[in-house]
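**Student:** Once you've had a glance at the structure underneath, I'll fire off some questions.
Bear in mind that the values in this text are calculations on the coordinates, not laboratory data. Quick caveat, the model's predicted, so the values are computed rather than measured. Because the Cβ atoms are built from the backbone with ideal geometry, glycine has one as well, and the counts that use them run over all protein chains shown.
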Amino acid sequence: MKKLTLLLLLLPVGAAPQEPPAPDREGVEFFEKKIRPVLVDRCYSCHSAEAKKLKGELYVDSREGLLKGGETGPSIVPGDPEKSLLIKAIRYADDLKMPPKGKLSKEVVEDFVAWVKRGAPDPRGKGASTAKKGINIETGRSYWAFQPLHPPAGATVDGLLRAKLAAAGIAPNGPADRRKLIRRATFDLIGLPPTPAEVDAFLADLAPDAYEKLIDRLLARPEYGERWARHWLDVARFAESHGFEQDYDRENAYYYRDFLIQAFNRDLPYDQFVQWQIAGDELAPAEPLAWMATGFLGAGVFPTQLTEAEFESARYDELDSMTSTTGSAFLGLSIGCARCHDHKFDPFPSRDYYRLASTFTTAIRAMAELRMDPEGDRAALATWEAEHAPLVADLAKFEKDELPARFDHWAAGRPWEKQASRVWTVLDLVETKSHAGAAFVPQPDGSVLATGENPKNDKWTFRARTTLKGLTAVRLEALKDASLKKGGPGRADNGNFSLSDFRLTVRPVAGGAPVPVKLSAGAVTFEQNKTDLSAASSVDADKGGGWAVDPQFGRDHAAVFTFAAPIGFPEGTELTFDFEYNNNVHHAIGRPRLSVTSTPPPAALDGEAKAQALVELCELLREGTALDAAARERAIAVYGRIDEERVRRRRAVDAHLAAKPAPKVTKVLVCTEGLKPLKHHADERGFPHFYKETYVLSRGDVNKKQDVATQGFIQVLERGADEKRWVAPPPAGSRTPGRRAALARWLTDVDAGAGPLLARVIVNRLWAQHFGRGLVATPNDFGVQGDPPTHPELLDFLAAELIRGGWQLKPIHKRMMASAAYRQSTEVVPESAKKDPDNRLLWRRDPHRLEAEAIRDSLLEVGGLLDRKMYGPGTLDEGMTRRSIYFFIKRSKLIPMMMVFDAPEPLVSQGGRPTTTIAPQALLFMNSPLVRRCAAGLAKEADLNQLYRRALGRPPTERELQKAGEFLSAQEKSYRDTGKPDPALAARVDFCQALLCLNEFVYVD
Amino acid sequence: MNLTRRELLAKAGNGFGLLGLASLLSQENLLADEARDPLAPRPPHFKARAKAVIWIFVNGGPSHVDTWDYKPELEKRDGQELPGFNKFTGFFANEVGGLMKSPFKFSPQGQCGKMVSEIFPNLGKHVDRMAFIHSGWTESNNHSPALFMMNSGETRMGHPCVGSWVTYGLGSESRNLPSFVVMSDPLGRGLPKGSAQNWGAGFLPSVYQGTYLKPAGAPIDNMAPPAELAGDRQRRQLDLLRDLNGQSIESSPAEKELAARIESFELAYRMQAAAPEALDLASEPDHIQKLYGLDNKKCTHFAKQCLIARRMVERGVRFVQIYSGGMENQLSWDGHKDIEGNHRGFADETDQPVAALLTDLQQRGLLDQTLVIWGGEFGRLPIAQKGGKPGRDHNPHAFTTWMAGGGVKGGVSYGATDEVGFKAVENRVSVHDLHATILNLVGLDNQKLTFKHNSLEQRLTTITVDAKVIKEILA
């Protein structure tokens, strides 16, 4: 090193910096691809603002730095490699050998020479090294992906493709035959093969727009949503478990998948599709689909086994999952790289990353209770109300027109004379209320059945009115019921209850202050002990303890509580009973009944129970006095309670009332703010779920916090707008801070935000699915490290069309698929292949293998086993026969067949899948029970012609028929020789399996 | 479609395929050019010292002070407090005890005189073949992150493990077997924490995923033909398939992918025979079975796995990982309670088989080209974890790994812990350094073995760290 320093000093101090030439785009591209990465990797550590210790006073992180040079003078002389010190140094030609750790490869050195010769185009311009960090946002804006759209006027898909082909002297292929075309379009749009009938119909339709109509039909199929939702699930790194060692399931996470299917099927505008996944709960809180969409943010992994030391970094990892996936999925940008340092290649300062990440500071997974169908709820209520009104009217009419006469008729029979003496009168309850949300259903025997919610603790208030007098005791029954656990009589899991407090207050019906009644425990059928679980403990001063009956479950129980003095106001009495349940949890009585008696104390526990109405009426009439109008009205009202006709009508009204439709509430896993975070294992050690602030971290290290990050976006994508344009304060009283809504607005803002890139990225994804490769071959990386577009004008044209058409995707599918490029044949024309072996210019159709899901779904479909039920919870059962999108995605139990056929692991956003050809795939086709099952299903068809049409969408050739015949007879003989029943069928199953194994089955031409 | 191999892989997503058997395709030259075949054998960066690796993964965190890192000081200070100890070092902050001497006797072994715990009577005889690295340290005190760290160089999910990197770097050598095989505890004690992630290909294509031999039932899915297709029936079916497929190929000869798929069926057919053969221990002579301890009830299961490992390596498998122990606590070397009983038990399960593996590889001339690694995800604390029978809690600050065979010096010890074995203090070795050393031994330069993911050239030893090869233990 000593020698080197000396040498550096001896070299001349050189020329003044020159103005950069007008940036030539190809030159800049060359720089970005070939030069900048090498500079960053091999030189920056000593020669940039990032350098821990700057060497030789030389900065190579800006054009200015290179031109100015260091101690030894200018590093480059644009246009003249031989005079450029940098070139000499990297050639290792002289004593100055750079980089010191090892010579660059010959190719790289040549790249540098070519670059300098070209004038050393360098978009970094001035001042990168003076602006502390090596990022120049203004220059970054000139990069193609960060520019506004430049759609060529009057373009068409084919026009733009053919211009390039013509320039290369290549003629595109002609159209594929129609059989292939319908197969291609059907697999592309719905992921299943066309049926023989669909093929026939298409072949028979000779109208010029037959193909267009086919596309329309396919786009309208519900299977379209299933197919395209599956593509998006890769992008969203979606799974239904936390991952890591415990990998707990995330219940109700599948609603995100169902959102996607519905969104694609109804062609939700893509900007809204994006907005809802970021902030649906904030932007459209009344729309259940918008809530379901937020599953996107929370779909990443989370390590639920955490030690305290890991809490904070785990939360930053979670923020990173949201931030990085947002970048990759929507913008095709690897902004996650800026977590630890300024992005090495793209113009994203680390600060931008944290500003963006702070959007999600308080965002958490939560179980939301959504009304999935508010319209339906409203409609159901309206229907109910329409049915209810006539029942009420019928009752009122009956009471007015018929009841008085029926009362007179009944009274004429002097019924009180037939009344035996009574012991217990069952109280009619006029009010039954649970303070914690339980519901009570009146039973014919005067009891009420507690149903619905079984709260931890509860307080009940029951009210009854009576004209009876001289009441001496109340009997509380706790009755068994088949609907209760262990038959009751309590609602606890073991059938027990524990009534911690039981109180009574009375007052005259006409009004007056309630007076507490001192209750004393009398007879009881059974009590769990004589102390804190006795009947007495329910009416003592102590709030704890309370009557309980373990282990006498499944039986009726009762306890009598006597009054200190007889009760009964002259005008009638209102009794208010308070029940309290706080001695244990979920320990309410299941079916209580209250009765009163006027026999002198001590009242016996049992005795015939009579309905209150009859008893009261008899008391009233027995007195024998003529009834005045008011008394008669009261008597008729009481009579109404025992009149069968009236009771029937009343019951009809009550039953209908009980069936009043409540809004249907569904638990859905969402990502939101301000709701209770979804509990998991790490809660046990006190994991806080989120921190109030997000900090800018140095090197991503939570122990190296800098200042608090306030929300912002990626500056290089912004054009002359203040970020306030998107950030609006949340409405007063809002549960959420509105940060995600701001991000959603920024992402979709075509004029000043990320909108143009958003559109480019999604049309490229569609293109990649339809053509096998995107116009940008790296769908998740539109940055400098990704591939540049093969047809930039076409990309911009399609993106602009998308926006112009209100962001609807279906018209873009149609536009792509209607092109001659999409419809052309797969034929390999040697001349074309020579000029463009990779088919970058799309002179032919590349055949591609179906993805894992489409292979399995097609097997099931052809085997006649496919269950088309849509939506709902998934399963891990490999034997299920629904479409593969309905597999439950558990990170530690990914479905083997999916993985063998290259399904990705759901950890980070995936832009595309590889297609591998490996022996385990062949083994699966040869030996798996699934393929055998599907072959057996297909083999039910005996006609070879039909078999071919079902499996491959075409009839067999003569030669195929001959081969099939030979195989079938040999195989059949083999089965017959071993005594297999129906050897012909067995042979056909094997034949069908071979058909399913064919390349033609899994490759779409 | 003339993608270079690199481009092909760059297009590939993040894979976690379940079967790395893909290797099979490569030896058949079915994928005519190397560019198309992710598993074609590839030359190393420099001459490899080892062709194969067998990693005995001592799962749960073996206690270095009770095995290979002898600390007489612990006897002197038994029961005393460890000054300045942070109670959050291990997993249980409320069960911190004083320093605890090893319950085991140590004695000098071999020419080198290495002090070895009495629980390894057989392995002790091989110390002159072993290079001990006493100064390992890691980044997590928690099993699954530490396991991920040891296997993939990152505490988080989603990064390729060492075996995947090696397969990616060197391709597959074997004709009919996967190149990377993993075995776990067959006694129903569970998988290492983080399960299949530990042998996952992470962001590498799924073809580089380890092939997991299931301990119960058929070891590999779909390996056996359906009963109906016994005899020549499946052969006849495959002949038909080839015939019918051939017709479509004739019409588009340029489609190499289709040709490769046709060949894959033939390969699969041969594998059906090859894999069971490799796993068939009955063909091993008696004295070999006895050498490994197949007749010793305490270690039959592990003896079988070690013997399978040798058979695999003989047949060209490149990377074998065997997990000793199941999940955690008493199910693995995770001796939170009763360190004595725990470690004695697991040592009894592995001592004879691993020693036999070394002997057997040696006598077949395979040890020179086979790197054997013994080590876990972290060490254990020199203090007691309080309880009826005291145990030891996790220690991320120090652990011991030994290597033997392919390219490693024997009878050497590298690095050291402090006098009680709490922290690595001399020549500290990070997990990245261990990885760099393993890669070096198989002929790979950790700086050059890269894969572009998320716009970055990712490495096993991570982008931000300069890992160093432990040259001192290289032969």
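**Student:** So which lysines pass the test for A:LYS485, namely a Cα distance under 18 Å, with those fewer than 8 places away in the same chain ruled out?
**Tutor:** A:LYS456
**Student:** Another question about this same structure. In nm, give the distance between the simple-model label positions of B:VAL425 and A:LYS704, each being 7 Å from the Cα along the Cα-to-Cβ direction.
**Tutor:** Going by the 7 Å Cα→Cβ label model, 2.8 nm.
**Student:** Something else about it: When 1/r is averaged over all different Cα pairs and the result inverted, which Kirkwood radius in Å belongs to region A:248-382? Working shown, then result.
**Tutor:** Numbers: mean 1/r = 0.0603 Å⁻¹.
16.6 Å is the Kirkwood radius here.
**Student:** In what sequence, highest mean first, do A:983-991, B:376-384, B:287-295 appear when ranked by Cβ atoms within 10 angstrom? Please list the in-between numbers first.
**Tutor:** Numbers: A:983-991: 21.7, B:376-384: 29.1, B:287-295: 18.4.
Output ranking for A:983-991, B:376-384, B:287-295: B:376-384, A:983-991, B:287-295.
**Student:** Rounding to the nearest 20 debye, state how big the charge dipole of region B:111-215 is about its Cα centre with +1 on each Lys and Arg Cβ and -1 on each Asp and Glu Cβ. Display every interim value, and only then the final one.
**Tutor:** Details: 8 positive and 6 negative charges, 38 e Å.
Here region B:111-215 has a charge dipole of around 180 debye.
**Student:** Mind checking the dipole of the protein assembly as shown: about its Cα centre, +1 per Lys or Arg Cβ, -1 per Asp or Glu Cβ, Debye to the nearest 20?
**Tutor:** Details: 189 positive and 188 negative charges, 354 e Å.
Rounded to the nearest 20 debye, it is 1700 debye.
**Student:** Place the peptides A:506-518, A:487-499 in order of packing, highest mean first, counting for every residue the other Cβ atoms within 10 Å and averaging per peptide. Walk me through the numbers before you get to the answer.
**Tutor:** Working: A:506-518: 12.9, A:487-499: 22.7.
Listed from highest to lowest mean packing, they are A:487-499, A:506-518.
**Student:** Among the lysines, select those whose C-alpha is under 23 Å from the C-alpha of B:LYS47, and discard any that sit fewer than 8 residues away in the same chain.
**Tutor:** Within the straight-line limit of under 23 Å, B:LYS47 reaches these lysines: A:LYS101, A:LYS103, A:LYS106, B:LYS409, B:LYS448, B:LYS468, B:LYS471.
**Student:** Between A:LYS97 and A:GLU57, take the C-beta separation as r, use R0 = 22 Å, and let me know the FRET efficiency to the nearest 0.05.
**Tutor:** Details: r = 18 Å, r/R0 = 0.83.
Plugging the Cβ-Cβ distance into 1/(1 + (r/R0)^6) gives 0.75.
**Student:** Can you tell me which of B:431-441, A:611-621 comes out highest on packing, and rank the rest after it, using the mean Cβ neighbours within 10 Å?
**Tutor:** Values: B:431-441: 24.8, A:611-621: 20.5.
Highest mean packing first, the order is B:431-441, A:611-621.
**Student:** While we're here: Projected onto the charge dipole of the protein assembly as shown (+1 at Lys/Arg Cβ, -1 at Asp/Glu Cβ, origin at the Cα centre), which of A:PRO415, B:GLY84, A:GLY73 gives the Cα projection farthest towards the positive end?
**Tutor:** Looking along the dipole axis, the top candidate is A:GLY73.
**Student:** Right, another one. For the protein assembly as shown, would you read off the P(r) tail past 54 Å as a percentage of all alpha carbon pairs?
**Tutor:** Values: 454745 of 1094460 pairs.
Summing the P(r) of the protein assembly as shown above 54 Å gives 42 percent of all pairs.
**Student:** Using only Cα atoms, locate the centre of region A:684-726 and the centre of region B:164-210, then give the distance between them in Å, rounded to an integer.
**Tutor:** 38
**Student:** Quick check: the distance between the Cα centres of region A:737-809 and region B:334-358, to the nearest angstrom?
**Tutor:** 57
**Student:** OK, next. In region A:575-598, which residues have a backbone nitrogen under 19 Å from the label point lying 7 Å from A:ARG641's Cα in the Cα-to-Cβ direction?
**Tutor:** A:575-578, A:592-598
**Student:** Now, a different point. Between A:GLU369 and A:ALA942, 0.36 nm times their residue separation minus their Cα-Cα distance comes to what?
**Tutor:** Working: separation 573, 0.36 × 573 = 206.28 nm, distance 5.21 nm.
Between A:GLU369 and A:ALA942, full extension yields 201.1 nm more.
**Student:** Roughly how compact is region B:180-339, stated as its Cα Rg over 2.2 N^0.38 Å to two decimals? Kindly include the intermediate steps, with their values, before the conclusion.
**Tutor:** Numbers: Rg = 20.2 Å, N = 160, 2.2 N^0.38 = 15.1 Å.
So region B:180-339 has a normalised radius of gyration of 1.33.
**Student:** Going by alpha carbons, how many degrees (0 to 90, nearest 10) lie between the helix axis of A:222-235 and the longest principal axis of chain A?
**Tutor:** 60
**Student:** Report, for the protein assembly as shown, the % of DSSP beta bridges that are antiparallel, rounded to 5.
**Tutor:** That works out to approximately 75 percent antiparallel.
**Student:** What average number of partner chain Cβ atoms lie no more than 10 Å from the Cβ of the residues making up A:978-985? Kindly include the intermediate steps, with their values, before the conclusion.
**Tutor:** Working: counts 4, 0, 1, 0, 0, 0, 0, 0.
For this peptide, the per-residue mean of nearby foreign Cβ atoms is 1.
**Student:** For q = 0.07, 0.11, 0.14 Å⁻¹, what log10 I(q)/I(0) does chain B give under the Debye formula with an equal point scatterer on each alpha carbon and no solvent?
**Tutor:** -0.37, -0.87, -1.34
**Student:** Taking the Cα centre of region B:374-475 as the origin, how large is its charge dipole in debye, to the nearest 20, when only Lys and Arg (+1) and Asp and Glu (-1) carry charge on their Cβ atoms?
**Tutor:** Details: 12 positive and 10 negative charges, 46 e Å.
The dipole magnitude comes to about 220 debye.
**Student:** Taking 35 Å as R0, compute the FRET efficiency from the Cβ-Cβ separation of A:ASP550 and A:LYS893 and round it to 0.05. Can you show the working numbers first?
**Tutor:** Numbers: r = 41 Å, r/R0 = 1.18.
After rounding to 0.05, the efficiency reads 0.25.
**Student:** Determine the relative contact order of region B:57-154: mean sequence separation of Cα pairs under 8 Å and six or more apart, normalised by residue count, in whole percent.
**Tutor:** 24
**Student:** Taking each residue in A:889-899, count the Cβ atoms of any other chain within 10 Å of its Cβ, then average. What number comes out?
**Tutor:** Working: counts 0, 0, 5, 5, 2, 4, 1, 5, 3, 2, 8.
Average neighbour count from other chains, rounded to a whole number: 3.
**Student:** Using each residue's phi in region B:457-465, evaluate 6.51 cos²θ - 1.76 cosθ + 1.60 at θ = phi - 60° and report the 3J(HN,Hα) Karplus result to the nearest Hz, with x for Gly and Pro.
**Tutor:** Going residue by residue, I get 7, 7, 10, 4, 8, 6, 6, 8, 10 Hz, with x marking Gly and Pro.
**Student:** 5 Å is the cut-off here: which amide hydrogens, built 1.01 Å from N in the peptide plane, fall below it relative to B:VAL182, excluding neighbours closer than 5 in sequence?
**Tutor:** B:THR211, B:TYR212, B:LEU213, B:GLN321
**Student:** Just to be sure I understand the model, the point goes 7 Å from the Cα along the line to the Cβ. What's the resulting B:HIS287 to A:ASP683 distance in nm?
**Tutor:** With each label point 7 Å from Cα toward Cβ, the separation is 6.4 nm.
**Student:** Continuing with the same structure: What relative contact order, as a whole-number percentage, does chain A give when Cα pairs under 8 Å and 6 or more residues apart are counted? Kindly include the intermediate steps, with their values, before the conclusion.
**Tutor:** Details: 1841 pairs, mean separation 156.6, N = 1005.
Across chain A, relative contact order equals 16 percent.
**Student:** If amide hydrogens are placed 1.01 Å from N in the peptide plane, which non-local residues have theirs closer than 5 Å to the one on B:VAL116?
**Tutor:** Correct list: B:SER107, B:GLN109.
**Student:** Pairs B:LYS101/B:LYS337; A:LYS164/A:LYS835; A:LYS480/A:LYS518; A:LYS433/A:LYS610; A:LYS433/A:LYS480: which are spaced more than 19 Å apart, C-alpha to C-alpha? Kindly include the intermediate steps, with their values, before the conclusion.
**Tutor:** Values: B:LYS101/B:LYS337 15 Å; A:LYS164/A:LYS835 12 Å; A:LYS480/A:LYS518 28 Å; A:LYS433/A:LYS610 24 Å; A:LYS433/A:LYS480 21 Å.
Listed pairs above 19 Å: A:LYS480/A:LYS518; A:LYS433/A:LYS610; A:LYS433/A:LYS480.
**Student:** Given H placed on each backbone N at 1.01 Å, which residues far from B:LEU474 in sequence or on other chains put an amide H within less than 5 Å of it?
**Tutor:** Under 5 Å from the amide H of B:LEU474: B:LYS409.
**Student:** To the nearest Å, what is the center-to-center distance of region A:893-960 and region A:227-268, using C-alpha atoms only?
**Tutor:** 24
**Student:** Between the helical axis of A:374-401 and the dominant principal axis of chain A, each derived from Cα atoms, what acute angle in degrees is found, rounded to the nearest 10?
**Tutor:** That works out to roughly 10 degrees.
**Student:** Working from Cα positions, state the angle (0 to 90°, nearest 10) between the long axis of helix A:255-265 and the longest principal axis of chain A.
**Tutor:** Long axis of A:255-265 versus the principal axis of chain A: about 60 degrees.
**Student:** Once the piece of chain linking A:GLN443 and A:LEU605 is laid out straight, how much longer is it, given 0.36 nm per residue of separation minus the C-alpha distance between them? Numbers along the way, then the final one.
**Tutor:** Details: separation 162, 0.36 × 162 = 58.32 nm, distance 2.14 nm.
Once the chain is fully extended between A:GLN443 and A:LEU605, it gains 56.2 nm.
**Student:** Provide the FRET efficiency to the nearest 0.05 for the A:GLN147-A:CYS340 pair, computing r from the beta carbons and using R0 = 30 Å. Please report the intermediate quantities before stating the final value.
**Tutor:** Values: r = 28 Å, r/R0 = 0.93.
Efficiency, from the Cβ-Cβ distance: 0.60.
**Student:** List the residues of region A:661-678 whose backbone N lies under 18 Å from a point placed 7 Å from the Cα of A:ARG735 along the Cα-to-Cβ direction.
**Tutor:** It comes to A:663-678, nothing else.
**Student:** Would you tell me the mean number of C-beta atoms belonging to other protein chains that fall within 10 Å of each C-beta in B:259-271, as a whole number? All intermediate terms of the calculation are to be shown ahead of the outcome.
**Tutor:** Working: counts 2, 3, 11, 5, 3, 9, 7, 2, 4, 10, 4, 1, 4.
Whole-number average of other-chain Cβ neighbours for B:259-271 is 5.
**Student:** Contact order normalised by length for region B:336-475, with contacts defined as Cα pairs under 8 Å and 6 or more residues apart; what percent is it?
**Tutor:** Values: 187 pairs, mean separation 27.6, N = 140.
Relative contact order comes out at 20 percent.
**Student:** Find which of A:ALA438, A:PHE687, A:ALA171 sits farthest along the positive direction of the dipole of chain A, computed with +1 on the beta-carbon of Lys and Arg, -1 on that of Asp and Glu, about the Cα centre.
**Tutor:** Positive-most Cα among the choices belongs to A:ALA171.
**Student:** Please compute the volume of the convex hull spanned by the alpha-carbon atoms of region A:754-861 and report it per residue in Å³.
**Tutor:** Details: hull volume 14.6 nm³, N = 108.
It comes to 136 Å³ per residue, whole-number rounded.
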